[in-house]
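Okay, structure first, notes after.
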Amino acid sequence: MNGLTGAYVPGGSFLHRLPAGVKLLGLAVSCTALLLSPPVGLAGAVAVVALLYAVSGVGVAAAWAQIRPVRWFAVALFGVQFLLVDLPGAVSSTLRVVLAVALAGLVTLTTRTAAMMAFLERCLAPARFLGVDPFRLSLLLSLTLRSVPVVAGLATRVREAQRARGTERSLRAFAVPLVVSALRHADTLGEALSARGLDD
Amino acid sequence: MTDEGKALSQPEEATGPSSGRGFSTGDLARVSVFAALIAVLGLPGALNVFGNAVPITLQTFGVMLAGAILGTWRAALAVAVLLVLVAAGLPLLAGGRGGLGVFVGPSAGFLIGWLPGAAVTGWIVERGGRNPSVAWLLTACLVGGVGVIYLLGIPVQAAITGASLGHAALLSLGFLPGDAIKAVFAALVVRGTQRAYPDAVPAVHRERLKAAGRR
């Protein structure tokens, strides 16, 4: 299993030093601007995004890793739009998607996961007025992070059992034991938390 | 800060676990384990049912499972927790994707659609009683796990790309057979799970919680 380290690239640029909240707000504003901008504005946006990446100093490989997931979608979108609309329309709608993804990726690359999580938790704090305890929310988040390797371990064990039984190709023989063991684990975990007084 | 928050909410929590929407620690554990389960179903190497040729992500399958087993609110919360962690930059989506890019990318609507999708699946299953049939579960998975997700995904995709609704629907059509198959498997797997572990039926779980709350 790959480590849960996030995509953060350490650095000291001004983008790294901006608070997470400011970057998120900037992202929201610029994504809206991208949606509304005329095709001419998009050419300028390409230059701005390229400049921001150069300033941040995250490197080409990290930048490509952010855009890579939408590459096939971009090709398909360009093809469909080119056939059904025209060349300028295809170019501008493809650019919009790629630029928005690149900008969001830049925020992810220059913000520590811990800083982003702290910001998101602060955003969720008003949930207190709905009767949700902020402490429980952060417990929920950290418990989920802890559960990922545990459930991955359960999945590996079920895989091995499947191989031993010769039912490797059956999705049911994989998923039913996995879900049952995940539920057992969850309910034991809940009892353990309750025994430690988290229900009081 | 956390201690203060805990102290503030203590009076409300005295009635918490037994009331319908309050979250006991048992629910908290289930929610986080299912959020983790959805993440694990997207891990490379965790499962390649049809070999590596078909890049099928089982995460929507996980969303349907969460809905059918956890019920409306807990399922929506599990998906929300996963999405918050993804937004924080963790690579928890299929193929190690994560970060904010997925929320502005072309499939953002499908991702956000997991939230009402899981909730609607749960809502329907909750109305299936103590022993929901495979047909009922399949209906829930198709309506919640496929219908609702597409209903949100296609318009958002059209809005983000600037393409017309029809074009966006055309681009999404290719995924429909796979998602329908996933719904069938999800219904079968949920049925199997609920046979082996009756507490996996939302209605049964709620009754047990109620009984425990009356101690």
Legend entry - Check on A:ALA100, surrounded by fewer than 21 Cβ atoms within 10 Å (Cβ to Cβ), of a type in the set (Gly, Ala, Ser), part of a helix (DSSP H, G or I) and modelled with pLDDT of 80 or more: no
Inset, instruction - Collect the residues in region B:168-190 that are in contact with a Leu (Cβ under 6 Å, 6 or more places away or on another chain) and either open to solvent by 10 Å² or more (accessible area, probe 1.4 Å) or over 30 Å from B:PRO106 (Cα atoms) (or both), keeping them in residue-number order. - result: B:PHE185, B:VAL190
Legend entry - For A:PRO39: the one exception among (1) open to solvent by 80 Å² or more (accessible area, probe 1.4 Å); (2) within 8 Å of another protein chain (Cβ to nearest Cβ); (3) touching a residue at least 24 places away in the same chain (Cβ under 8 Å): (2)
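Any residue that is among the small types (Gly, Ala, Ser), more than 7 Å from chain B (Cβ to nearest Cβ) and surrounded by 14 or more Cβ atoms within 10 Å (Cβ to Cβ) - is there at least one of those in region A:155-169? I'd like the intermediate steps shown before the answer.
Let us first name the residues in region A:155-169 that are among the small types (Gly, Ala, Ser), namely A:155, A:161, A:164, A:166.
In the following step, the residues that additionally are more than 7 Å from chain B (Cβ to nearest Cβ) were identified as A:161, A:164, A:166.
Adding the requirement that they be surrounded by 14 or more Cβ atoms within 10 Å (Cβ to Cβ) leaves none.
The answer is no; no qualifying residue exists.
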Inset, instruction - Return the pairs, sorted by first residue and then second, in which the second residue is outside any helix (DSSP H, G or I) and open to solvent by less than 20 Å² (accessible area, probe 1.4 Å), the first residue lies in region B:71-84 and is at pLDDT 90 or above, the beta carbons are less than 7 Å apart, and the residues are 6+ apart or on different chains. - result: B:LEU82/B:LEU92
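Within region B:118-137, can you find the residues that are of a type outside the set (Phe, Trp, Tyr), open to solvent by 50 Å² or more (accessible area, probe 1.4 Å) and assigned to a helix (DSSP H, G or I)? Please lay out each step first, then the result.
Initially, region B:118-137 is screened for residues of a type outside the set (Phe, Trp, Tyr), giving B:118-122, B:124-135, B:137.
Subsequent filtering for residues that are open to solvent by 50 Å² or more (accessible area, probe 1.4 Å) retains B:127, B:130-131, B:133-135.
Passing the criteria: B:VAL134, B:ALA135.
So which residues in region A:144-153 are open to solvent by 10 Å² or more (accessible area, probe 1.4 Å), without any contact (Cβ under 8 Å) to a residue 24 or more places away in the chain and under 18 Å from the mean Cα position of the chain (by Cα), if there are any at all? Spell out the reasoning first.
Pass one, region A:144-153, residues open to solvent by 10 Å² or more (accessible area, probe 1.4 Å): A:145-146, A:149-150, A:152-153.
Then keep just the ones that are without any contact (Cβ under 8 Å) to a residue 24 or more places away in the chain; that gives A:146, A:153.
Passing the criteria: only A:ARG146.
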Inset, instruction - Could you please give the count of residues in region B:168-195 that are of a type in the set (Phe, Trp, Tyr) and at pLDDT below 90? - result: 1
Inset, instruction - Please find, among A:THR108, A:THR113, the residue that is touching a residue at least 60 places away in the same chain (Cβ under 8 Å), over 30 Å from B:SER24 (Cα atoms), surrounded by 14 or more Cβ atoms within 10 Å (Cβ to Cβ) and not aliphatic (A, V, I, L, M). - result: A:THR108
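The values are calculated or read from the model by the stated rules, or taken from the named source; none is laboratory data. Note that the structure is a prediction, hence the values are computed from the model and not measured. As a convention, Cβ positions derive from the backbone with ideal geometry for all residues, glycine included, and neighbour counts pool all protein chains shown. Keep in mind that these areas ignore ligands, DNA and RNA; they rest on the heavy atoms of the full protein, side chains included. Shrake-Rupley method; radii C 1.70, N 1.55, O 1.52, S 1.80 Å.
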